Amino acid sequence: MVDDGDPPKQLTALDTEVWNDVDDAPSTDALFRALANRHRRRVLWYLVDDSETTIAELADALVGWEASDNVIVGPEARRRVYVSLHHHHLPMLSQADLLTYDADSGAVRLTTSSKPVEDVIRFSHRYEHALARRDER
Amino acid sequence: MTAAASLRTVLDEARRRRKSLVYYASTADEFVEQFDARNVEVRFRESPPLGPEPFAVIRDDGDDGEVRGVVPVATLRAFVEGPRLPDDGTRRLTPEYRAVLELLDDTVFASLDRRQLLLTSREFEDRAWRVGYGTLHVGFQTPAAFRAQASTYRRLAGGSALDVHVYLVANDETDDEANEIPSIPGVTVHTEPASEIRPYWFLVFDGGGTTDQQFALVAEDRDDGTFYGAWTYDPSLVATALGRLPTPGDDFGSADDFGSTDGTR
């Protein structure tokens, strides 16, 4: 089993201390809208591990995922991913108060430090990973 | 400039074209050291666990350049660790190998081995064959190397309108048998001048008059069983490689050029 850093144990545990940690968390609808897209789940998961990055690196990572199933991903496909991050996904995640995106410098920074938010991001990534493995079997 | 000097110039020019390769994986391994290219800056970037399979992003002109492509590291590893010849005896290359040839042009490898060069040459021979016409120049180094590929070149020249020029250097210290040169219709063999091109394994194709099918593969023997080499599709580099090689209609007469043919045509 690959170590996932800090895997969620009991997301719904009635641990008052953890559930008070929602001061900078987005609204429920905004959070789950953010998580309703594969690219955005991957962006958030990447940022949970490394909270400061750039749009270029996020584009590399998303394309790298697609490359696993292909021999090669060319410049055009990467450009499309970059553009969809710039015009769509990053502004949406920024609106949801999950991250900041500086379109001039390309800097992307996770802004929420809420433990429940981090847990649900890790959970959704792990869930997707498990389903992908199921489908490979 | 001599033919050897122009081949060397191709490598020098290719080397000036800087690239960067960023290698993403959750744990580092020996790949960074294995990817031994002279004009590529290779860096490792850790990615979180449970992420994608290790992949590499290749850019032109260093880090801020345009992305050339993104490939699984497994694809590149198959090349750098030494590709396997197809088990079925065919000349077919894997799509992975073709991808590497597309992505890593103008990349100067410090130590290519014979197997890598043989497979790469196969792909380029096939490309010339598919075009079907034009001039293909091939440097074999020795008569023995040419003899080993004689059946391939019989098919290549016989099944197409390609004008094939082969360059090799006989070894004065061995007997006549070792220096025997196969006679193949459609293939002109050049044996003069000798020593200066001896270190070069090369394939240069003029594209049959169009630039989009041109290529040059140039590799310099390092005397330790490996080669310093690169391949390119850049018309200006191909022109440099072609510079001192005979063009159709030349009489091959000047002292600086390659000498006479052995009369196989």
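Structure above, values below:
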read-out	value
Charge tally in the Cβ shell below 11 Å around A:Val73, where Lys, Arg are +1 and Asp, Glu are -1, A:Val73 excluded	0
Column: log10 I(q)/I(0), Debye, Cα scatterers of the protein assembly as shown, q = 0.13 Å⁻¹	-1.03
Sequence-distant residues sharing a close amide H with B:Arg68 (under 5 Å, placed H)	B:Ile58, B:Arg59, B:Asp60
Charge dipole of chain B about the Cα centre (unit charges at C-beta), most positive-ward option of B:Ala178, B:Pro48, B:Leu7	B:Pro48
For B:Phe55, residues with placed amide H under 5 Å, excluding near neighbours	B:Tyr24, B:Val73
Estimated 222 nm signal from helices in chain A, with DSSP H stretches of n ≥ 4 weighted -39500 (n - 2.57), rounded to 500	-16000 deg cm²/dmol
Charge dipole magnitude, Cβ of K and R +1, D and E -1 - chain B, Cα centre, debye nearest 20	720 debye
Helix runs (DSSP H) in chain A reaching 27 Å along axis by Cα, Kyte-Doolittle at least -0.5	none
Fluctuation leader among B:Glu180, B:Glu192, B:Glu125 - chain B, Gaussian network, Cα springs under 10 angstrom	B:Glu180
Among A:Ala30, A:Ala56, A:Ala77: highest mean-square fluctuation, GNM of chain A, C-alpha pairs under 10 Å	A:Ala77
All-pairs alpha carbon distance profile, the stretch A:25-136, 5 Å steps from 0, percent	2, 12, 23, 24, 19, 13, 5, 1, 0
Rounded to whole Hz, the Karplus (6.51, -1.76, 1.60) HN-Hα couplings of the stretch A:103-109, x for glycine and proline	5, 6, 8, x, 5, 10, 9
Least to most buried among A:Ser114, B:Ser111 (fewest other Cβ within 10 Å first)	B:Ser111, A:Ser114
Calculated on alpha-carbon atoms, Rg and Dmax of the stretch A:70-109 in Å	12.1, 37
The protein assembly as shown, dipole about Cα centre (Lys/Arg Cβ +1, Asp/Glu Cβ -1), debye to the nearest 20	1180 debye
Farthest positive-ward along the stretch A:25-136 dipole, Cα basis, beta-carbon charges - from A:Leu62, A:His129, A:Ala96	A:His129
Per-q log10 I(q)/I(0), the stretch B:109-265, q = 0.13, 0.18, 0.21 Å⁻¹ (Debye; single scatterer per alpha-carbon; no solvent)	-0.56, -1.16, -1.63
Surface/4 of the Cα convex hull for the stretch B:18-105, nm²	6.3 nm²
Cα-only Debye scattering, chain B: base-10 log of I(q)/I(0) at q = 0.11 Å⁻¹	-0.62
Top of B:Trp231, B:Trp129, B:Trp201 by mean-square fluctuation, Gaussian network on chain B, Cα under 10 Å	B:Trp129
Size of charge dipole - the stretch B:109-265 - debye, nearest 20, with Cβ of Lys, Arg +1 and Asp, Glu -1, no other charges	740 debye
Residues whose placed amide H lies under 5 Å from that of B:Ser160, excluding near-sequence neighbours	none
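Bear in mind that the values in this text are calculations on the coordinates, not laboratory data. From a predicted model like this one, the values you see are computed outputs, not experimental measurements. No Cβ is skipped: glycine too gets one built from the backbone with ideal geometry, and neighbour counts run over all protein chains shown.
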